[in-house]
Amino acid sequence: MSQRSARRPAIFLDRDGVINENRADYVKSWEELRLLPGVLDALRTLAATPYAVVVVSNQAAVNRGLMSRHTLEEMHCRLHTLVAAAGGQLDAIYYCPHRPDERCSCRKPQPGMLLQAAAHLDLDLEQSYLVGDAITDLEAAVAVGVQPVLVLTGRGAEHAMLLDQQSHVICPVVDDLGAAVAWITERMQSNRRPAA
């Protein structure tokens, strides 16, 4: 078996607006992190697939001084525990703490977090998906050959209207994470069906 075929595909998930409610003033504590409806069910469904589930999240609140790395990592640890208790699994959570003006390579739309995850987890990016609620999420996916999916939760409805005007990205637009998971698993199953 070649090394390429041994690589695992992934479903990358943005956090704020896909997994939990987005806040204009940032999600700065566990108490402010409110899961969106159906998220735990969707993550449980993903746990039964061959995909690694990887969160990739811009978290500029850290470098803006609004929350510490420790607080953010504690929130992510609690999120891991909550998802696991519901029968789901998060294989990893990557975050970018930088402000936009810091011009790093990890803040979406740059693909740094996806590349880092691919290297650490031996992922096959060309067989992977990214579910996001913003054009920057979609652009990060396209930059490395990952199939983007836009959800209408969070900032998604606003960004769906901007897709044609401001972006070269073509992707499915679905209601929420549950609908994205249904679309992805349907595609996965149709790709496995033998030719007639």
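Every number in this text was worked out from the coordinates using simple rules, so none of it is lab data. It should be emphasised that the depicted structure is a prediction, and the values quoted were computed from it without experimental measurement. Here Cβ is always computed from backbone atoms with ideal geometry, including for glycine, and neighbour counts include all displayed protein chains.
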> Consider GLN89 against the criteria (1) under 13 Å from LEU13 (Cα atoms); (2) within 13 Å of the chain's Cα centre (by Cα): it satisfies all of them except one. Which criterion is unmet?
Replying inline: (2)
> Say we look at the range 66-102 and pick out the residues that are hydroxyl-bearing (Ser, Thr, Tyr) and under 23 Å from LEU115 (Cα atoms); which of these is surrounded by the most Cβ atoms within 10 Å (Cβ to Cβ)?
Replying inline: TYR95
> In the range 93-136, what count of residues is obtained for those that are among the acidic types (Asp, Glu) and in contact (Cβ under 8 Å) with a residue 40 or more places away in the chain?
Replying inline: 3
> Of everything in the range 121-156 that's of a type outside the set (Asp, Glu) and within 15 Å of LEU36 (Cα to Cα), which residue is surrounded by the fewest Cβ atoms within 10 Å (Cβ to Cβ)?
Replying inline: LEU152
> When the range 50-92 is examined, which residues are found to be more than 23 Å from ASP133 (Cα to Cα), in contact (Cβ under 8 Å) with a residue 40 or more places away in the chain and in a helix (DSSP H, G or I)?
Replying inline: THR71, GLU74
>> Residues that are under 14 Å from PRO9 (Cβ atoms) and not hydroxyl-bearing (Ser, Thr, Tyr), at least 1 per element: which helices (runs of 4 or more DSSP H) completely within the range 113-196 meet that?
In response: 135-143, 177-192
